[in-house]
Amino acid sequence: MSIEPRAGILDIRPYKPGSSEAPGIANPVKLSSNENALGCSAKAAEAMTAMASKLHLYPDGGATKLRQAIADAEGLEAENIVCGTGSDELLQLLGRAYLNPGDKVVQSQYGFLVYRLVAMQCGAQLVSAPERDYRSDVDAILEAAGDDTKIVFLANPNNPTGTYIPDAEVRRLRDGLPSSTLLVLDAAYAEFVRLPDYEAGIELARERDDVIVTRTFSKIHGLAALRLGWAYGNKAIIDVLHRVRGPFNVNMAAIEAGTAAIGDHEFQTRSADHNDEWVAYLRQQIGGLGLEVTPSVCNFVLIHFPETPGRTAAEADAYLTSKGLIIRGVEPYGLPNALRATVGTEAENRRLVEALTDFMKA
Ligand SMILES: Cc1ncc(COP(=O)(O)O)c(C=O)c1O
């Protein structure tokens, strides 16, 4: 007799993180996971080191200090915040708390892969709404959602496309959904977007009880290793997430480093400035090679390759890896002809452009 998991679990294709290895190359450049090119805040690293003498203690299960620091930095109410082991965990918890088997979940066509995992883990049915020019299309989402959708997941901006929709469009989406549908705004890359028509959705979540925003410390704060995220929303939803989270889901190193990081505005500004400069460089240079680059407001670019033998995404990927440059295939998103490259340091970005230039000339 074999012990069977719940129906549908074995259909899940496990999430494959960005590779960090290039066979035969000692110190490859990793541009496959949208990590922060500048590392992390020195204050965060110091705070983490300082807690080494407390490793035998359990952390504060409510992450009170961290929630207060987030609230202070962002002008929010601490009781409307819940922290998680990465925003990933918060997305999973939303599924665990709200989805029944058979429920409908809607995402945008190239929505972040974790939404699919969440839906499948819960036995929910995932519907993807077609995008236009690699951008979420509110009308298509509304049409796909109808009256019977439990959750709409919207990454704004989205990974792997790097595109965003303006606040007015997010509001139009919310207004068009029934109040029985929870709108999850995943704003993992929000801090990189410094455009007047963009909002992470915090105001919307403050105004309405059917919106929740998830955020992460993995990107602008450069703390991916610590696995730290937070969600902001109506007290009723936050209360539900507190009930389903593990009692100590956020570890003490994350609490200490996160508290220091959220107050380090200088590091955040420097990271966003660096990103603005180098995302523009990558787009311009790679575009100059005749490759289409989707306009990105994130710390990565999506590069489209032709199907011409010798010039395909798979061949480019293999070539770059052979040169010690690891970027990300996005075939699991239904984008077999594209690769996603994270913005790196100046030297890394220049190396990527040089290698791609050689590849296109070969
Ligand atoms: C759109 C989006 N949402 C959420 C996450 C999860 O981030 P984390 O779990 O590190 O907070 C990522 C990570 O790449 C992402 O790209």
Set Lys and Arg Cβ to +1 and Asp and Glu Cβ to -1, take the dipole of region 33-186 about its Cα centre, and tell me which of G75, Q125, L55 lies farthest positive. L55
Counting alpha carbon pairs within less than 8 Å and at least 6 residues apart, what relative contact order, in whole percent, applies to the chain? 23
The answer for A155, listing residues at least 5 apart or on another chain whose modeled amide H is closer than 5 Å to its amide H, is S108, F112, D186
As a test of reading the structure, rank E131, E35, E292 by solvent-accessible area (1.4 Å probe, protein chains only), most first. E292, E35, E131
Would you kindly find the accessible area of T216, with a 1.4 Å probe and non-protein molecules such as ligands, DNA and RNA excluded, rounding to the nearest 10 Å²? 10
Tally the DSSP beta bridges in region 42-264 and give the antiparallel ones as a percent, rounded to 5. 35
Can you classify region 250-362 as rounded, prolate or oblate using the Cα gyration tensor, where a ≥ b ≥ c are the square roots of its eigenvalues, rounded means a/c under 1.5, and otherwise it's prolate if a/b beats b/c and oblate if not? prolate
Can you give the extra length, in nm with one decimal, that the chain gains between A97 and T64 once fully stretched, where that is 0.36 nm per residue apart less the Cα-Cα distance? 9.7 nm
Applying the Karplus parametrisation 6.51 cos²θ - 1.76 cosθ + 1.60 with θ = phi - 60° to the phi angles of region 245-257, what ³J(HN,Hα) value in whole Hz is obtained for each residue in order, glycine and proline being reported as x? 6, x, x, 10, 5, 10, 7, 5, 4, 5, 4, 5, 5
Largest-first ranking of R350, R243 by accessible area, probe 1.4 Å, whole protein assembly kept, is R243, R350
Could you give the length gained on full extension between A362 and D148, defined as 0.36 nm per residue of separation minus the Cα-Cα distance, in nm? 71.8 nm
For region 75-223, the percent of accessible surface on carbon and sulfur atoms (probe 1.4 angstrom, ligands and nucleic acids excluded) is 45
Provide the per-residue ³J(HN,Hα) series for region 351-362, in order, calculated from phi with Karplus coefficients 6.51, -1.76, 1.60 and θ = phi - 60°, each as a whole number of Hz, with x at glycine and proline positions. 5, 4, 5, 4, 5, 5, 4, 4, 4, 6, 7, 4
Could you work out how much longer the chain between A7 and E292 gets when fully extended? Use 0.36 nm per residue separation minus the Cα distance between them, nm to one decimal. 98.5 nm
5 angstrom amide H check on A338, placed H, neighbours 5+ away: F305, V330
Which far-off residues, 5 or more places away or on another chain, put their amide H under 5 Å from the one on F300, with H placed in the peptide plane? V343
Spelling out what I want: for every residue of region 322-336, take phi, set θ = phi - 60°, compute 6.51 cos²θ - 1.76 cosθ + 1.60 (Karplus), and round to whole Hz; glycine and proline get x. 5, 9, x, 10, 9, 10, 10, x, 10, 4, x, 8, x, 10, x
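The values are calculated or read from the model by the stated rules, or taken from the named source; none is laboratory data. What you see is a predicted model; the values in this text were computed from it and never measured. Note that each Cβ is placed from the backbone with ideal geometry, even for glycine, and that neighbours are counted across all protein chains shown. In case anyone asks, the SASA skips ligands and DNA or RNA and just uses the protein heavy atoms, side chains included. Shrake-Rupley method; radii C 1.70, N 1.55, O 1.52, S 1.80 Å.
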